[in-house]
Amino acid sequence: MKPTYLMDDIQWQQLIQNVADHFNDVTIKRGFQYFKQGKVKEFAMPDADHIAAVVDGSELYEVDLHLSAFAASRCTCPVHTNCKHMIAVLLNYANEQERSVHALVNAHSAGFTRLAAKADTGTVPPSRSNLSPDHKETTRNALSKTASQIPDMPISEWHDLFDQCIALNHVNTQNSQYVQSALASIYAVKPPLSPGMQQLYGLHAHLRVLEKLVPQSPMPGYPSHTYMGYYTQIAADELKEAIERDFESPLELTDEPMQEARMAETLAYLRQKMLTESRNGTYFSDAYYQLWLHWVHRVHHERQDSSIYTEELQHLQAAEEELGTTLARLPWMLARSWMHIFQSHDNEAWVLLQEAEGAFPLKISSGQLLLFLQALRKAEDWARLKDGLRHIGPLLHSHRDDHLQDYIHDWDLVLQHLPEAEQDMWDTLVGMLPFAGGMYEEALLAHEKWRSWIDYQLSIRSEPLSFRVSVLQPIEKNAPELLLPFYHQAVERYVLEKNRASYKAAVKLLKRLFKLYKKMKQESRWELFFTTFTSRHSRLRALQEELRKGKLLS
């Protein structure tokens, strides 16, 4: 569930600064341990500025936090204020807001207090800056004056302004602290804007700082592999999450004549970045898709205007000649497929996607593939979604099962509206074996396909003892006879291994078999089987001992 009150980036920067100002590093680390241990037992926000919580310490302590007036915040613990219980609550708050918990934990990093202290003062250590404090303040005031013209400035000039803001900071190491300080400087000069322009301003602030972190192609030719340091990677991933949050809210449309122009420039910018992105990066590609899915497509769908997709395809086609060897061909092919989906030209999209898979095996991320399904799901065209699932499924072969839950969820959604599509689902899932084995098994159980589940386990020689009891209970209840060959074959395999551990496993399964035969009221079959079994293996003394320990033999 999303929080009732959402903080913006300026409030987030202020919160980090408040933590740095009011809590020492030891308290922050202790509060982090409390947060990780789940000691925040109650959490409520009566209003956007007030948090009331209960933390389990030596006893239950009540925490009363005022975000814009930290000095008025109190805790009922012996420390009363600026304590670890408050930190635990603030970390819980950041987590609910889907902000970086570690940004708060590291708020006391060297130099951060002086840097993020609101770009209002512009004070940085002279040894780390080429500008005197007075000169820096003058520069910031000049930037604020320039920023007042933001609605009338093209996006390229927005980025120039952002670069000048970032240059005022003394942090050069590209990590989360660098990102926080850069964003703080950019937001410090933000003028009052209409809701839609403010959304675009926030998006481009994130994109421009991301551009500082993501390596560019160093030389002509196909974009080569480039690598980021560990902490730079973390910072870039956090920015990617922030960009995804930017798109969560629909774009606020206004009558401003320049808003549409700024949107067109945003699209052109992301297209260019996507088409020249490093081979091992998808930051700008993902932003490009999110822009289309959440903002551009929605606006033009409401207007019933499909011309923009044709225009975008033309831009993409022209890019091959314009960019030449610097063109990143995989995102180029995926983007063209994407435009065909929006035009409901699904066959063309699948042909292009198959070509991309053939040219770049194992390179298309699961997130990019599932975005195609997300677009079809948002269109609520279930027949098209079914067709998309059939084409996308086999392309997910390089991804682990934990990436496939959204995929099977979409099949469930299709079956709610098109029950007749169930056989298509089974045919597709079987075609995705063996890489989708886990998902296939779960689907069989969910649809109570007990015999098919058992047949699959027998075909891959699964071990019955590897399954939780809760997995086998429904089969035992509804179709116990199906478990007999599953258990019998495993018992024989265990005995053939001829070691003490395997004999113990065989006895466990034999005891299950005894209960099954008894439940089915077929004790005579059990007696016949068990007599033959013990006679056949009478020379295996270790097995006989385990049978007696298991009280199967007297």
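The values are calculated or read from the model by the stated rules, or taken from the named source; none is laboratory data. Since the model is a prediction, treat every value here as computed from it, not as a measurement. FYI the Cβ positions are ideal-geometry reconstructions off the backbone, even for glycines, and counts take in every protein chain you see. Just so you know, the surface numbers come from the protein's heavy atoms only, side chains and all, with ligands and any DNA or RNA stripped out. Shrake-Rupley method; radii C 1.70, N 1.55, O 1.52, S 1.80 Å.
Within the stretch 320-376, the set of residues being among the aliphatic types (A, V, I, L, M), in contact (Cβ under 8 Å) with a residue 40 or more places away in the chain and either farther than 29 Å from Leu413 by Cβ or in contact with a strand residue (DSSP E or B) (Cβ under 8 Å, 6 or more places away or on another chain) (or both) comprises Leu323, Leu327, Ala328.
In the condition set (1) closer than 30 Å to Phe435 by Cα; (2) more than 39 Å from the chain's Cα centre (by Cα); (3) among the aliphatic types (A, V, I, L, M), Leu513 is compliant with all but (1). Whether any residue in the stretch 486-494 is out of contact with any Pro (no Cβ under 7 Å at 6 or more places or on another chain), open to solvent by less than 70 Å² (accessible area, probe 1.4 Å) and not in a helix (DSSP H, G or I) is what I want to check. Within the stretch 486-494, not a single residue is out of contact with any Pro (no Cβ under 7 Å at 6 or more places or on another chain), open to solvent by less than 70 Å² (accessible area, probe 1.4 Å) and not in a helix (DSSP H, G or I). For the stretch 149-158, residues that are part of a helix (DSSP H, G or I) and free of Cβ contacts under 8 Å to residues at least 60 places away in the same chain total 3. Of all residues in the stretch 159-189, exactly one satisfies the criterion of being in contact (Cβ under 8 Å) with a residue 60 or more places away in the chain, closer than 15 Å to Ala142 by Cβ and either open to solvent by 20 Å² or more (accessible area, probe 1.4 Å) or of a type in the set (Phe, Trp, Tyr) (or both), namely Ala188.
Quick grid of which residues meet (1) outside any helix (DSSP H, G or I); (2) surrounded by fewer than 17 Cβ atoms within 10 Å (Cβ to Cβ):
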| site | (1), (2) |
| --- | --- |
| Ala501 | no, yes |
| Leu510 | no, no |
| Leu513 | no, no |
| Ser524 | no, yes |
| Thr532 | no, yes |
| Ser535 | no, yes |
| Gln544 | no, yes |
| Leu547 | no, no |
| Ser554 | yes, yes |
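Taking residues in the stretch 256-272 that are part of a helix (DSSP H, G or I), and partners anywhere that are of a type in the set (D, E, K, R), the pairs with Cβ atoms closer than 7 Å and at least 6 places apart or on different chains are Met258/Asp152.
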